[in-house]
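The values are calculated or read from the model by the stated rules, or taken from the named source; none is laboratory data. Owing to the predicted nature of the structure, the values given are computational and were not obtained by experimental measurement. Glycine also receives a Cβ, built like all others from the backbone with ideal geometry; neighbour counts cover every protein chain displayed. Ligands, DNA and RNA are stripped out before the accessible areas are found, and what is left, the full protein with its side chains, is counted by its heavy atoms. Shrake-Rupley method; radii C 1.70, N 1.55, O 1.52, S 1.80 Å.
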Amino acid sequence: YVAPCSPANCFIDGECVEPGAYRLESPCELCVPAVSVSLWTTTDGEICDDGDPCTEEGRCQEGRCIGTPVNCDDGLPCTENRCDSSTGECLAEASAEGESCDDGDPCTQGATCVEGSCASGAPIECEDDNPCTASACEEGVGCVHPPADGLTCEDGDLCTGGAGVPPASVRAAS
């Protein structure tokens, strides 16, 4: 028997392969005679290029090059973002008219896309029907219900004298 290749080479798929040579179809498999002379050795964890312009930071995983999708999000609520698979360029197209969006204002609701921009929604109702609070919508926060200072209010509790404050007789007994 005459070996088809030198002992320093791999013999894979009927061909002699030089040590360190990568498989043509995969940047994640190579000839490593110290590991196997008859099978491709995977290079898991190594950096690679998967050939897809819409991925980056490719890493070998189980003999395949897997890239992370390019983030094309432009941060605008009324655009549809994608990567052009032929160029790798990020593209943004206006969302459908009337599509709901977040205008970033916690004091509004029902914002919609108009000509590629998010049009502010209608003000939200923050009233909690508690006469002892001053209900309001605070910019950047949303509905708040702080105590209504200085107002006499009826809380419906006989133990507080109906005004949210215990009667003098209860306060004296404490």
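Points to keep in mind about this one:
- Applying the set (1) assigned to a loop (DSSP other than H, G, I, E, B); (2) open to solvent by less than 40 Å² (accessible area, probe 1.4 Å); (3) within 30 Å of G140 (Cα to Cα) to A96 leaves exactly one unmet item: (2).
- Within the range 66-91, the residues that satisfy the criterion of being in contact with a Ser or Thr (Cβ under 7 Å, 6 or more places away or on another chain) and either open to solvent by less than 40 Å² (accessible area, probe 1.4 Å) or in a loop (DSSP other than H, G, I, E, B) (or both) are G67, V70, C78, T79.
- Residues satisfying the stated conditions in the range 34-65, i.e. under 16 Å from L24 (Cα atoms), open to solvent by less than 30 Å² (accessible area, probe 1.4 Å) and in a loop (DSSP other than H, G, I, E, B): T43, G63
- Where R23 falls short, out of the listed (1) farther than 25 Å from G67 by Cβ; (2) at pLDDT 90 or above; (3) open to solvent by 70 Å² or more (accessible area, probe 1.4 Å): (1)
- Some residue of the range 40-52 being within 28 Å of the chain's Cα centre (by Cα) and under 30 Å from G104 (Cα atoms): no
- Flag if E62 is under 23 Å from the mean Cα position of the chain (by Cα), at positive phi and modelled with pLDDT under 95: no
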